[in-house]
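Step one of this worksheet: look at the structure below.
Every number here is computed from the coordinates shown, using simple stated rules; none is lab data. Note that this is a predicted model, so its numbers are computed, not measured. As a convention, Cβ positions derive from the backbone with ideal geometry for all residues, glycine included, and neighbour counts pool all protein chains shown.
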Amino acid sequence: MLGISMIHKDEEFAFELCLLSCSLHGIAHAFGESVLLGFFKFFPSDAVYMFATGTGFSELFSLVFVLLVLNIGVFFGYVR
């Protein structure tokens, strides 16, 4: 849904669709991470530390990547 809203960003529904997709993504991410952390209680603490570091870095990296791609004007081979 986020991709659709980014492609059709001139349309009226794009902002609402973007908010909805970001909200659903946040809910799914929080639920999935809490389930995984519940499973990690059986693992050593080093494994939990590495998992938390990796997920935090991936969120920051993906946000910076999307912002760079949108600012450059290139979206999967589409140049304006």
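Results, tabulated for the structure shown:
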item	result
Linear extension gain, HIS29 paired with GLU12, 0.36 nm per residue minus alpha-carbon span	3.4 nm
Calculated FRET value between LEU20 and MET50, using beta carbons and R₀ = 25 Å, to 0.05	0.15
Local electrostatic count, GLY54, Cβ distance below 15 Å [Lys/Arg +1, Asp/Glu -1]	-3
